[in-house]
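Q: Take this structure first; my questions come after.
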Amino acid sequence: FHTLREDILSGKYRPNEELKEKNIGDEFGVSRTPVREALRQLELEGLVSIIPNKGAYVVGISKSDIQDIYEIRARLEGLCAKWACEHITQEQLDALDENVYLSEFHAGKEGHVQQILELDNKFHEMLYEASKSAVLEHTLSDFHHYVQRVRKITLADPKRAVASNAEHRQIVEALRLGDCVKAEELATLHMMNTIKNMDQYGWDNLLK
């Protein structure tokens with residue numbers, strides 16, 4: 001299930017492409033039963049449509065889905081930063097500082113998009129963990145994962161990579177000061193800034 005979801009979200013499987021149980025089973029070295037169960041789970045997530053007597057087809061992520069995800073994330077990331085502010089340890093603050101420092105280094109290097117993306121992933125994962133809410137961490141991790149293609153494209157833009165990391169630094173500074181209201185505002189704004197920048201990358205590129 002997780003591998004198939006990753007393949008759909010990364011673009012390996014295209015929208016409307018048929019997911020053939022036998023081919024997938026052969027690829028994973030398993031019978032059709034676990035493949036069928038994975039496809040059912042993907043259908044529940046809205047990534048696959050199963051048509052009786054025809055097969056399973058990729059639905060993928062639409063423009064509306066992406067906009068919805070970021071709108072929801074904006075609210076939840078703010079809540080996450082607020083709760084993280086209430087629980088974060090010195091060790092976690094230091095780790096966030098190091099993450100921002102490394103991101104600044106890679107943002108100044110040409111062709112370091114993968115490193116920037118990985119550090120961005122890690123930054124948000126550390127915030128989720130610091131919130132001390134397993135439910136919120138799980139929800140945000142899923143949303144974060146769903147828009148990985150969008151994030152890869154936007155962070156490949158040097159200007160956005162630098163701006164995004166500057167926003168991360170502001171969040172960390174608010175956390176270090178224990179200003180939970182400011183941390184919440186900044187984390188929400190961080191997501192809203194991403195939404196504002198989406199149109200400039202072209203939706204055909206973000207969805208292809």
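Q: If you check every pair at least six apart or on different chains, which have Cβ atoms under 8 Å apart with a residue in segment 1-22 that is more than 11 Å from Val59 (Cα to Cα) first and a residue that is open to solvent by less than 20 Å² (accessible area, probe 1.4 Å) and in a loop (DSSP other than H, G, I, E, B) second?
A: Arg5/Leu47
Q: Looking at Glu125, is it without any contact (Cβ under 8 Å) to a residue 24 or more places away in the chain, under 21 Å from Arg73 (Cα atoms) and open to solvent by 70 Å² or more (accessible area, probe 1.4 Å)?
A: For Glu125, the condition - without any contact (Cβ under 8 Å) to a residue 24 or more places away in the chain, under 21 Å from Arg73 (Cα atoms) and open to solvent by 70 Å² or more (accessible area, probe 1.4 Å) - is met.
Q: Here's another thing I want to ask about it. Kindly evaluate Tyr70 against the criterion of being surrounded by 18 or more Cβ atoms within 10 Å (Cβ to Cβ) and in a loop (DSSP other than H, G, I, E, B).
A: Values: surrounded by 18 or more Cβ atoms within 10 Å (Cβ to Cβ): yes; in a loop (DSSP other than H, G, I, E, B): no.
No; evaluated as a whole, the condition is false for this residue.
Q: While we're looking at this one, here's another question. From the list Ile51, Ile69, pick out the single residue that is within 19 Å of Arg151 (Cα to Cα) and either touching a Gly at 6+ places or on another chain (Cβ under 7 Å) or not small (Gly, Ala, Ser) (or both).
A: Answer to the selection: Ile69.
Q: If I ask for residues that are in contact with a helix residue (DSSP H, G or I) (Cβ under 6 Å, 6 or more places away or on another chain), among the charged types (D, E, K, R) and in a helix (DSSP H, G or I), which ones from segment 123-139 would you list?
A: Selection gives Glu137 alone.
Q: Would segment 100-111 turn up any residue that is under 21 Å from Ile195 (Cα atoms), free of Cβ contacts under 8 Å to residues at least 40 places away in the same chain and open to solvent by less than 50 Å² (accessible area, probe 1.4 Å)?
A: There is no residue in segment 100-111 that is under 21 Å from Ile195 (Cα atoms), free of Cβ contacts under 8 Å to residues at least 40 places away in the same chain and open to solvent by less than 50 Å² (accessible area, probe 1.4 Å).
Q: Now, a different point. Could you please find all residues in segment 35-49 being touching a helix residue (DSSP H, G or I) at 6+ places or on another chain (Cβ under 9 Å), open to solvent by 60 Å² or more (accessible area, probe 1.4 Å) and not in a loop (DSSP other than H, G, I, E, B)?
A: If the condition is that a residue be touching a helix residue (DSSP H, G or I) at 6+ places or on another chain (Cβ under 9 Å), open to solvent by 60 Å² or more (accessible area, probe 1.4 Å) and not in a loop (DSSP other than H, G, I, E, B), then Arg36, Gln41 are the ones that fit.
Q: Does Leu177 count as surrounded by 15 or more Cβ atoms within 10 Å (Cβ to Cβ), modelled with pLDDT of 90 or more and either in contact with a Cys (Cβ under 6 Å, 6 or more places away or on another chain) or more than 18 Å from Arg73 (Cβ to Cβ) (or both)?
A: Answer is no for this residue.
Q: Let me ask another. Give the residues of segment 156-174 that are at pLDDT below 95 and open to solvent by 70 Å² or more (accessible area, probe 1.4 Å), sorted by residue number.
A: Pro158, Lys159, Val162
Q: Can you pull out the residues in segment 143-153 that are in a helix (DSSP H, G or I) and within 14 Å of Ala74 (Cα to Cα)? First the steps, then the outcome.
A: Start the filter on segment 143-153 by keeping residues that are in a helix (DSSP H, G or I), which leaves 143-146, 148-153.
Scanning segment 143-153 gives Phe143, His144.
Q: Given the condition loosely packed, with under 13 Cβ neighbours inside 10 Å, at pLDDT below 95 and either part of a loop (DSSP other than H, G, I, E, B) or aromatic (Phe, Trp, Tyr) (or both), answer yes or no: does some residue in segment 2-13 qualify? Break it down into steps so the answer makes sense when it comes.
A: Taking segment 2-13 as the starting set, the residues that turn out to be loosely packed, with under 13 Cβ neighbours inside 10 Å are 2-3, 6, 10, 12.
Pick out the ones that are also at pLDDT below 95 and you get 2-3, 6, 10, 12.
Going one step further and asking which of them are either part of a loop (DSSP other than H, G, I, E, B) or aromatic (Phe, Trp, Tyr) (or both), we end up with 12.
Among the residues of segment 2-13, at least one is loosely packed, with under 13 Cβ neighbours inside 10 Å, at pLDDT below 95 and either part of a loop (DSSP other than H, G, I, E, B) or aromatic (Phe, Trp, Tyr) (or both), which makes the answer yes.
The values are calculated or read from the model by the stated rules, or taken from the named source; none is laboratory data. Please read all numbers here as calculations on a predicted model, not as lab measurements. Using ideal geometry, Cβ is built from the backbone for each residue, glycine included, and neighbour counts are taken over all protein chains shown. To get the accessible areas, we keep the full protein, side chains included, count just its heavy atoms, and leave off ligands, DNA and RNA. Shrake-Rupley method; radii C 1.70, N 1.55, O 1.52, S 1.80 Å.
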